[in-house]
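Enquirer: Here's a structure for you.
The values are calculated or read from the model by the stated rules, or taken from the named source; none is laboratory data. What you see is a predicted model; the values in this text were computed from it and never measured. No Cβ is skipped: glycine too gets one built from the backbone with ideal geometry, and neighbour counts run over all protein chains shown. Side chains are part of the model used for accessible areas, which takes the heavy atoms of the whole protein and leaves out ligands, DNA and RNA. Shrake-Rupley method; radii C 1.70, N 1.55, O 1.52, S 1.80 Å.
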Amino acid sequence: MDPKSRLEKERLEGKQKRIIEMVEAADRVFARKGLEKTTMQDIADEASMGIATLFRYFPKKDRIIVAVAAKALESNLVVFQEVLEKPGTCYEKIEHLFDTFIVFNEQKESRIKFLESFETYVAQSTEPFEGMEVYNAASKQLVDIYYQIIETGKTDGSIRTDIPITDTLSTLSNVFGIFAKKLSLHRSILLLESNVPSETQLLILKNIFLSYIKNN
């Protein structure tokens with residue numbers, strides 16, 4: 001590599017490293033203070049950099065909020081891709097995804113709370129939310145991978161053929177994911193607590209859904 005190309009490569013790597021540091025700092029501050037109360041100065045202080053540097057990369061708080069939300073989906077993308085590529089039937093892969101939701105619900109409560117806050121924040125915005133194309137692109141990747149998993153169910157014989165497979169599996173996964181998220185968010189609200197542990201509720205729901213779609 002010639003000196004000019006090496007310098008350009010190092011410059012781009014340095015820029016990417018700074019962006020990652022900013023996003024990770026924002027993630028930590030959002031977890032402590034919430035989206036509304038966090039200021040750009042808070043994020044700059046957390047990242048140990050000047051506010052002007054932060055604004056150079058993220059001209060508005062909306063953009064760094066979206067960047068954190070997109071980052072939150074990255075781990076899901078890895079899991080979905082692993083499930084798609086691993087051997088097994090569509091039924092087994094759907095079961096694995098349900099199990100992943102359960103584990104995520106137990107271990108990633110702060111991440112779930114952030115994503116819920118993010119969705120509410122965007123929905124309540126009176127103006128178009130800047131940078132949403134980044135988050136939407138990550139969401140589309142998840143959906144595309146899931147649809148590839150569903151497609152295998154149309155040919156491997158593991159899923160009932162007397163139901164609309166794509167619509168049914170999409171609906172069940174959405175319902176399961178939303179229910180898992182709500183259980184995590186309501187864990188600390190006494191009025192909504194149940195004598196049945198959240199993991200048990202999710203396992204029951206998983207078994208109901210799997211029983212419904214299995215081709216016996």
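Enquirer: Which numbered condition trips up Gly50, out of (1) closer than 20 Å to Phe118 by Cβ; (2) open to solvent by less than 50 Å² (accessible area, probe 1.4 Å); (3) in contact with a helix residue (DSSP H, G or I) (Cβ under 7 Å, 6 or more places away or on another chain)?
Expert: (1)
Enquirer: How many residues are under 20 Å from the mean Cα position of the chain (by Cα), without any contact (Cβ under 8 Å) to a residue 60 or more places away in the chain and more than 25 Å from Leu97 (Cβ to Cβ) when one looks only at the stretch 125-156?
Expert: Qualifying residue count, the stretch 125-156: 1.
Enquirer: Restricting attention to the stretch 66-82, does a residue exist that is within 26 Å of Glu127 (Cβ to Cβ) and open to solvent by 50 Å² or more (accessible area, probe 1.4 Å)?
Expert: Yes, the stretch 66-82 contains a residue that is within 26 Å of Glu127 (Cβ to Cβ) and open to solvent by 50 Å² or more (accessible area, probe 1.4 Å).
Enquirer: Looking only at the stretch 154-182, filter to residues that are among the hydrophobic types (A, V, I, L, M, F, W, C) and either touching a Leu at 6+ places or on another chain (Cβ under 7 Å) or open to solvent by less than 30 Å² (accessible area, probe 1.4 Å) (or both); which one of those is nearest to Ile112 (Cα to Cα)?
Expert: We begin by selecting, within the stretch 154-182, every residue among the hydrophobic types (A, V, I, L, M, F, W, C); these are 159, 163, 165, 169, 172, 175-176, 178-180.
Subsequent filtering for residues that are either touching a Leu at 6+ places or on another chain (Cβ under 7 Å) or open to solvent by less than 30 Å² (accessible area, probe 1.4 Å) (or both) retains 159, 163, 165, 169, 172, 176, 179-180.
Details: Ile159: 30, Ile163: 31, Ile165: 28, Leu169: 22, Leu172: 19, Phe176: 14, Phe179: 12, Ala180: 9 Å.
In this case the residue turns out to be Ala180.
Enquirer: Further question on the same structure: Given the criteria touching a residue at least 40 places away in the same chain (Cβ under 8 Å) and among the β-branched types (Val, Ile, Thr), does Ile51 qualify?
Expert: When the stated conditions are applied, Ile51 does not pass them.
Enquirer: With respect to the numbered conditions (1) modelled with pLDDT under 90; (2) surrounded by fewer than 16 Cβ atoms within 10 Å (Cβ to Cβ), which one is the sole condition not fulfilled by Glu151?
Expert: Answer for Glu151: the failing condition is (1).
Enquirer: Then there is this: Of all residues in the stretch 108-135, how many are outside any helix (DSSP H, G or I) and open to solvent by 40 Å² or more (accessible area, probe 1.4 Å)?
Expert: 7
Enquirer: Now for a separate question. If Ala138 meets every condition in (1) modelled with pLDDT of 90 or more; (2) part of a helix (DSSP H, G or I); (3) open to solvent by less than 80 Å² (accessible area, probe 1.4 Å) apart from one, which number is that one?
Expert: Of (1) modelled with pLDDT of 90 or more; (2) part of a helix (DSSP H, G or I); (3) open to solvent by less than 80 Å² (accessible area, probe 1.4 Å), only one is false for Ala138: (1).
Enquirer: To continue, here is another question. So Glu8 passes all but one of these: (1) at pLDDT 90 or above; (2) more than 17 Å from the chain's Cα centre (by Cα). Which condition number does it fail?
Expert: Checking Glu8 against (1) at pLDDT 90 or above; (2) more than 17 Å from the chain's Cα centre (by Cα), the one that fails is (1).
Enquirer: Please list, ordered by first then second residue, the pairs with beta carbon atoms under 7 Å, 6 or more apart or interchain, first in the stretch 188-205 and farther than 21 Å from Glu95 by Cβ, second modelled with pLDDT under 85.
Expert: Hits for this filter: Leu192/His186.
Enquirer: Taking the condition modelled with pLDDT of 90 or more and not in a helix (DSSP H, G or I), does Pro59 pass?
Expert: yes
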